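Data first, discussion second: the structure below is written as structure tokens.
Please treat every number below as a calculation from the coordinates, not as lab data. The shown structure was predicted, so the numbers you read here are calculated from the model rather than taken from an experiment. Heads up, the Cβs are rebuilt from the backbone with ideal geometry, glycines too, and the neighbour counts pull from every protein chain shown.
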Amino acid sequence: MKNIKYDNYYWQNELVRLRAMEPKDWEEHYYNCFDSKARRMLQYELELPPTVKENMESIEKFSYFSPETGRIMFTVENLYGENVGGANINSVDERNGTFSIGMQIGVDYRAKGYGTAAMRILLDYAFNERRLNKFNVSVLDGNIGSSSVLKKLGCINEGVIRQNVFTEGKFKDVILFGLTRDEFNKNRI
């Protein structure tokens, strides 16, 4: 196979490259399932202990942009080709032009800008290629990493759903963030 020239590749920026999730990605996902704190922030609950079989089946299901899943799943790689996490566009409502994005950057790769860089690509795609208008997302109170990324991207805190999630023996708030296409394009770097 020829060496790929990524100079004009849409799905890449200065830090990350996005590609289709593939079955081989199960191992990195499995490894990150043992970060219970991060998984709780992502899933809003404490998950049962992970299994190899469950992870392999889950990654297989979401591989190759399988349309019946309702999610467009990506593997996030750094520019050295290392799998640094996963991201997906989900909850797309074509009629109202709304969507959400889910993401987890691997425990060994956090705080390096990969999440923000991947989000920029996905937001640009949703807003400027899919003609969607509003990004809606929520984070569990205390999820400082995700809140920081959303604020860097220009997302607006649109409210709080008080005491909505029970985890760690108490009820926690859910913080709502949103971003419109106009807001994103005005603040693009």
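For the stretch 111-133, the count of residues that are of a type in the set (A, V, I, L, M) and more than 21 Å from Glu14 (Cα to Cα) is nonzero.
Checking each residue in the stretch 163-189 for being free of Cβ contacts under 8 Å to residues at least 12 places away in the same chain and under 19 Å from Ser138 (Cα atoms) picks out Gln163, Asn164, Phe166, Lys170, Phe171. Checking each residue in the stretch 142-165 for being at negative phi and part of a loop (DSSP other than H, G, I, E, B) picks out Asn143, Leu153, Cys155.
Of the listed requirements (1) surrounded by fewer than 16 Cβ atoms within 10 Å (Cβ to Cβ); (2) under 16 Å from Asp182 (Cα atoms), Thr98 misses just one: (1).
Please enumerate the residues belonging to the stretch 166-181 that are assigned to a strand (DSSP E or B) and either within 21 Å of Thr98 (Cβ to Cβ) or not polar (S, T, N, Q) (or both). If the condition is that a residue be assigned to a strand (DSSP E or B) and either within 21 Å of Thr98 (Cβ to Cβ) or not polar (S, T, N, Q) (or both), then Phe166, Lys170, Phe171, Lys172, Asp173, Val174, Ile175, Leu176, Phe177, Gly178, Leu179, Thr180 are the ones that fit.
Of the helices (runs of 4 or more DSSP H) lying entirely inside the stretch 1-70, those carrying at least 1 residues that are of a type in the set (Asp, Glu) and more than 23 Å from Val92 (Cβ to Cβ) are 26-32, 52-62. Determine whether the stretch 80-88 contains at least one residue that is within 25 Å of Lys186 (Cβ to Cβ), outside any loop (DSSP other than H, G, I, E, B) and touching a Leu at 6+ places or on another chain (Cβ under 8 Å). Checked the stretch 80-88: at least one residue is within 25 Å of Lys186 (Cβ to Cβ), outside any loop (DSSP other than H, G, I, E, B) and touching a Leu at 6+ places or on another chain (Cβ under 8 Å).
Please go through the stretch 110-129 and pick out each residue that is basic (Lys, Arg) and not in a loop (DSSP other than H, G, I, E, B).
Filtering the stretch 110-129 for residues basic (Lys, Arg) gives 110, 112, 120.
Result: Arg120, single match.
From the list Arg120, Arg162, Arg181, which residue is over 29 Å from Asp25 (Cα atoms) and crowded, with 17+ Cβ neighbours inside 10 Å? Reasoning before the result, please.
Details: Arg120 fails: over 29 Å from Asp25 (Cα atoms); Arg162 fails: crowded, with 17+ Cβ neighbours inside 10 Å.
Matching residue, one of Arg120, Arg162, Arg181: Arg181.
From Val92, Val139, Val107, grab the single residue that is out of contact with any His (no Cβ under 6 Å at 6 or more places or on another chain), buried (at least 20 other Cβ atoms within 10 Å of the Cβ) and not in a helix (DSSP H, G or I).
Val139
Restricting attention to the stretch 63-89, the residues that are acidic (Asp, Glu) and surrounded by fewer than 15 Cβ atoms within 10 Å (Cβ to Cβ) total 2. Contact map, the stretch 37-55: first residue closer than 13 Å to Asp141 by Cα, second residue among the aliphatic types (A, V, I, L, M) and assigned to a loop (DSSP other than H, G, I, E, B), Cβ cut-off under 8 Å, separation 6 or more or different chains; pairs are Ala38/Val107; Arg40/Leu46.
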